[in-house]
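One structure is given below, encoded as structure tokens.
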Amino acid sequence: GLFTTIRLSIWSIILAAILGFIMGMMRTSRRLFPRMLSRLYVELIRNIPPVVFIFVFYFFISSQITPLLGLDSISTDSSPITLKVLDFLLGPPELLSNVVSGIICLALFEGAYVTEIVRAGIQSIPKGQVEGGMSIGLSRIQLMRYVVMPQAVQRVIPPLASQFIILIKDSSIVSLISIQELTFLTMEVATSTQRVFEIWVFVAGMYFVISYACAFGFSRLEKRMALHKS
């Protein structure tokens, strides 16, 4: 269950970061349609409770997507090497469709918050630098690539690190769709052993250790980046 939680968190934050950077740049676009589309995505996700969102996504959207991807047949049609790779990266192949649904759901949910982090990072760049880049003939793409994004990335890493820690804790909601991660298996063990207090306190400690280790690692990274910047 712990390994499944870690896998879910890593893959979800990767997809959420990609989606968030794309939507974040759309939020700062000069064109109306990209701005409206990204804002609709952010407002829709942020104003729906996570439990409601995951049920709507899993039962009405994911159930239509996973058959098209052929995920259910992978466990029977793939080679032994492929199955071992999938087992290492995503967990048991027979539960692949559930895990992929959980990853996409978490990525969509967390991507809305990453979008706002990226938007704030881009808009925090002084307008004078943007105007200076335009004055020397840089295109919009060149301006984002050479002037805005290198500085924005450094500014968004700390809040992104915090969002990753939040994602580790939020991953527990996918237990509602029968993904066998840490919280789901904890409920099963607590029910079968009737040692509810001891088991949940132990699992709370596990979540704390993982989150604190990530927070400690990210704080060291921030200090190293600050020294490199200075």
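The values are calculated or read from the model by the stated rules, or taken from the named source; none is laboratory data. On a predicted model such as this, the values are computed, not experimentally measured, just so you know. Methodologically, a virtual Cβ is constructed for each residue, glycine included, from the backbone with ideal geometry; neighbour enumeration extends over all protein chains shown. Quick note on the areas: whole protein, heavy atoms, side chains included, nothing else; ligands and nucleic acids left out. Shrake-Rupley method; radii C 1.70, N 1.55, O 1.52, S 1.80 Å.
Given a Förster radius of 35 Å and the C-beta distance between Gln151 and Phe60 as r, what FRET efficiency does 1/(1 + (r/R0)^6) yield to the nearest 0.05?
Rounded to the nearest 0.05, the efficiency is 0.30.
Going through segment 172-214, which GluC sites (Glu not before Pro) have at most 13 other Cβ atoms within 10 Å and a DSSP loop state?
In loop regions of segment 172-214 (DSSP not H, G, I, E or B), there are no sparsely surrounded GluC sites (Glu not before Pro).
Can you give the extra length, in nm with one decimal, that the chain gains between Leu138 and Ser79 once fully stretched, where that is 0.36 nm per residue apart less the Cα-Cα distance?
Gain on stretching Leu138 to Ser79: 16.2 nm.
If we restrict to alpha carbons, what Rg and Dmax does the chain come to, in Å?
Radius of gyration, then largest Cα-Cα span, for the chain: 20.5, 70 Å.
Where in the chain are the DSSP H helices whose C-alpha atoms run 24 Å or more along the long axis and whose mean Kyte hydropathy is at least 0.0?
2-27, 96-123, 149-170, 196-229
For the chain, what's the relative contact order in percent, using C-alpha pairs closer than 8 Å and at least 6 residues apart? Intermediate values should be presented prior to the final figure.
Values: 208 pairs, mean separation 69.0, N = 230.
The value is 30 percent.
Points 7 angstrom from Cα along the Cβ direction at Phe3 and Phe88: gap in nanometres?
Placing both labels 7 Å along Cα→Cβ, they lie 1.1 nm apart.
Return one whole number: the accessible area per residue of the chain in Å², for a 1.4 Å probe. Spell out each step's value before the answer.
Numbers: 13450 Å² over 230 residues.
That works out to 58 Å² per residue.
Please pull out the direction-averaged projected area of segment 98-161, using the convex hull of its alpha-carbon atoms, in nm² to one decimal place. Write out the running numbers ahead of the final one.
Working: hull surface 20.2 nm².
Spelled out: convex hull of the Cα atoms, projected over all directions, averaged, 5.1 nm².
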